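First the structure, in the form of structure tokens, and then the observations on it.
What follows is calculated from the coordinates using simple rules that are stated; it is not laboratory data. Keep in mind the model is a prediction, meaning the values are calculated, not measured. A quick note on method: Cβ atoms are made from the backbone with ideal geometry, for glycine too, and the neighbour counts reach across all protein chains shown.
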Amino acid sequence: MEYCSKFIIPGKPQGKARLRYARRGQCVSTYTSKKPQSYEALVRYCAANTREQKGLKPIFTDMSISIKAYLQIPKSYSKNEGTVA
């Protein structure tokens, strides 16, 4: 069974943050900061919401993902670089 599902995540695209390490007594624990956790929750919510609206079942197999991210041109770019970007 092959199907396509598209959804939009509002806001600025954000990358996956690396794990942080904290020493707690003699142990070391790992954690992810709050900002990436909340963005991951937003992505999960958007995907689940779209799946529910379309009546699709959860996916338990391998899948392929295509991502289009639209970013603003940085202010540090010159006018010439901005037109090329």
Practice item. Go through (1) of a type in the set (Lys, Arg); (2) more than 20 Å from the chain's Cα centre (by Cα); (3) surrounded by 10 or more Cβ atoms within 10 Å (Cβ to Cβ) one by one and return the number of the condition Lys57 breaks. Key: (3)
**Study point:** Subset tally (residues that are touching a residue at least 40 places away in the same chain (Cβ under 8 Å) and outside any helix (DSSP H, G or I)) for segment 39-60
**Key:** 1
Practice item. Inspect segment 61-83 for any residue being in contact (Cβ under 8 Å) with a residue 12 or more places away in the chain, assigned to a helix (DSSP H, G or I) and surrounded by 10 or more Cβ atoms within 10 Å (Cβ to Cβ) and give the result as yes or no. Key: no
Review point. Out of (1) touching a Lys or Arg at 6+ places or on another chain (Cβ under 8 Å); (2) in a loop (DSSP other than H, G, I, E, B), the odd one out for Pro36 is which?
Key: (2)
Study note, to complete from the structure: Going through segment 14-54 in order, the residues found to be among the charged types (D, E, K, R) and surrounded by fewer than 12 Cβ atoms within 10 Å (Cβ to Cβ) are Lys16, Arg18, Arg20, Arg23, Arg24, Lys34, Lys35, Arg44, Glu52, Lys54
